[in-house]
Amino acid sequence: MFGFGKKQIEVIIEKYNFSPGESIKGIIKLALNKPTHAKALKVGLIGERLTNTTRVQSGTVRPEQRKEYVFNFEMPLDGEKEYSQGEYNFEIKIPTNISQNLPGGLAGDLLKTVQILAGNKSNIYWYVIAKLDIPMGIDVSNRIQINIA
């Protein structure tokens with residue numbers, strides 16, 4: 001759609017399982033159909049919490065899903081210019097205290113138990129994302145899921 005294919009920006013990383021304090025190393029590959037002016041090429045790490053809940057309305061139970069970002073880090077790899085083809089190396093260090101923002105220990109276990117009893121289920125998904133920031137247009141982006149434990 002709009003001339004941008006799924007493989008116009010690709011995220012390639014060395015591995016998919018990480019621990020807090022480790023570095024995510026990889027390459028962003030650009031293969032645009034035509035030269036495109038962009039503000040910046042960025043790479044980032046995001047943590048999304050998806051919470052499945054149920055809502056009762058007029059006697060009908062309706063499933064709902066809520067998304068919130070528990071972590072969002074982004075850094076530029078290159079600045080404003082014409083982009084077409086290229087490879088960009090990156091390295092993102094995962095903060096050692098990344099899990100402090102997330103419920104853990106006894107409090108985390110208690111929260112999970114309450115959520116299960118209430119019919120709510122919450123999961124956190126981690127992604128490395130690459131984005132070509134195109135002014136007055138549709139950004140070209142791609143993301144891959146990783147595991148941080």
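Any read-out appearing in this document is the output of simple, stated calculations on the displayed coordinates, not a laboratory observation. What you see is a predicted model; the values in this text were computed from it and never measured. Cβ placement follows ideal geometry from the backbone for every residue including glycine, while neighbour counts extend to all protein chains displayed.
At a glance:
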| item | result |
| --- | --- |
| Over 29 Å between alpha carbons, listed pairs K34/K93; K42/K67; K29/K93 | K34/K93 |
| In order through the range 38-46: 3J(HN,Hα) via Karplus (6.51 cos²θ - 1.76 cosθ + 1.60), integer Hz, x for Gly, Pro | 9, 6, 6, 10, 10, 10, x, 10, 10 |
| Per-pair calculated FRET efficiency, R0 = 35 Å: E80 and S23 via Cβ, rounded to 0.05 | 0.80 |
| In the range 15-82, trypsin sites (Lys or Arg not before Pro) in a DSSP loop with at most 16 other beta-carbon atoms within 10 Å | K15, K39 |
